[in-house]
Each structure stands twice: as C-alpha cells, then as structure tokens.
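One structure is given here, and the rest of the page talks about it.
None of the figures in this text is laboratory data; all of them are computed from the coordinates on show. Quantities reported herein were computed from a predicted structural model and do not represent experimental measurements. Note that each Cβ is placed from the backbone with ideal geometry, even for glycine, and that neighbours are counted across all protein chains shown.
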C-alpha cells in the first residue's frame, strides 16, 4: 500500500500534480522521515525563493512626473475657479453700476419733470410783465 | 494612493529578479538589469497601463535588456549560452553554496525548461499563468515541465544533489 506521499511524488514526477497537491507534497515531505534527495531538491528551490533584490529601488522619475501632473491639475482648477469668480464678480459689479446709474437717472428725470412743472407754473408770473404794456402800446396814457 | 507601478509591477520584482539571476548568475548584474527595465517601464507607463499581458511584457523586456548587455560585452549571442557562464564567485560564506545548488540543479536544462521549472517550482504559478507570462501555449508548458522534472529526477537519482 502506497502512502499519500508516495502517490503524490509519483504524480509530481509525471508532472500531473496540481499546485495544491504540490503544496501538500512539500509539507508532507517536511514531516516525513527519509527521502533525503527529494528533501534536498525542495530545499534548494525554497532557498532560491528567498533570493530577493537588495538594491533595486522604485524609479524616482515617475513619482516626480505624477506630482507634476497632479499639480498641473490643481493649478488648472484653481485658475478656472479664480477666473470664474473674477468674471462673476465683474458681472455683479457691472450690474450694480448699471442699477446705480439707472437710479441716478431716474432721480434726475424726476427732478427734471418737477422742475419743468414748476417752470410751467411760473408761466403766469412771466405774463405779469405784459400787465402794463397796453398803455405803452397805444400810448393811452398821457405823456407828460 | 499607490501608483500603477507600485501596484502592478513593484510586487513582481522578486520573481523577475530571480529569473534574470537564473540567466546571468550574477546578483549585481541582475539588479542593474532589473532597475533598467523598471526605469523603462516608468517611461512607458501610460502605454503599459492598458497592456493585456504586463507580466509577459516585463519578461520580454528583461530578456532583451539581458541580451543587449551581453551583446555589448560580446559574451553571448543568446540566452541559450548561459550554461557556459561561470558559476558565481563566492560572495560570502553562507550565500555562495546556496546559490550554486540551484544552478547545478537546472543548468543542464534547456532555457525554456529552465524558465518553466523556475516559474512552477519556485514561484508556484499555474500552467495558465506560466503560459501567459512566457507567451507560449499551455501544451508547451506541460510538455516542458514534464521534461524538466524528468531530467531533474534523473539527476537526482544518478548523481544526487546536496543542499
């Protein structure tokens, strides 16, 4: 009767094991007695997995570039907001100025109407100067 | 927020490094080559963000980078020749033995089998993942892995290896 380990090993050499079975095989092998050659093999492979780069660094360039792009985005949106605010403010100011101008004009118009009304009412007074002119015209009064 | 590079490429550095290391057998050189490829990756980031097979692209770029290096130094014309490269000099007491074993183990294998063996045994990738990464068919992965394991087994039985 073959043990689970032997079955798995055989399957392994035939390249018929799944990844899970290979993991199982490795752990079974670690716990088992004997099998020095197989243990050596998987030991070497495990050791090699611990080989990691020591000096390789994250490339810097890209980080700078992303920051730049980010800043560009920020700058663009700020500029957009600022100009929008400026345009809006400008528009508001112009509107207020126009309103003020209209109010002033209305007031002036009121003054003018009232002034002309007053002037009209002054007309009879103006006619007063003709009061004495009949005599002058026809010289009806004796000239002494 | 993590950048595209940090999220998708940086986690692969160990796997990529081990692959170049297996080709070059030189730690420092492997790191330099990987760093070069990372720099290029960053330069072409926008294009790569929509790449359907990023892992495959990275492996291919690394391979090209390595070949370019060897072409410049006139040592090899293809990665098939890496078996002839000398085994790494011992850097320290404990690391040297450890790294020699893996090369003794896989050096007899042809390049393709070596890569597939590495991706399966060390990186524990599925057949599908290996096929995508190396841009070969599923069938080829299975056949090559079977052959690689067969050769390794023979080596194990006849010569034996030591850890």
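Look at A:122, B:19, B:68 and count the other Cβ atoms within 10 Å of each Cβ; fewest to most, that gives A:122, B:68, B:19. Full extension of the chain between residue B:108 and residue B:47 yields a length gain of 18.2 nm, computed as 0.36 nm times the residue separation minus the alpha carbon distance. For the protein assembly as shown, the gyration tensor built on C-alpha atoms gives a prolate shape. Its axis ratio a/c (a ≥ b ≥ c) is at least 1.5, and a/b is the larger of a/b and b/c.
Spacing of the modelled spin labels on residue A:119 and residue A:84, each 7 Å from Cα toward Cβ, amounts to 5.3 nm. The angle separating the long axis of helix A:4-13 from the principal Cα axis of greatest extent in chain A is about 70 degrees. The ellipsoid that matches the Cα gyration tensor of chain A has semi-axes, each √(5λ) in whole angstrom, of 120, 18, 8, with the longest given first. Sorting the segments A:94-102, A:11-19 by their mean number of nearby beta carbons within 10 angstrom, highest to lowest, gives A:11-19, A:94-102. Please work out whether the stretch A:1-70 counts as rounded, prolate or oblate from its C-alpha gyration tensor, where a ≥ b ≥ c are the square roots of the eigenvalues and a/c under 1.5 means rounded, while otherwise a/b larger than b/c means prolate and anything else oblate? Prolate, because a/c is 1.5 or more and a/b exceeds b/c.
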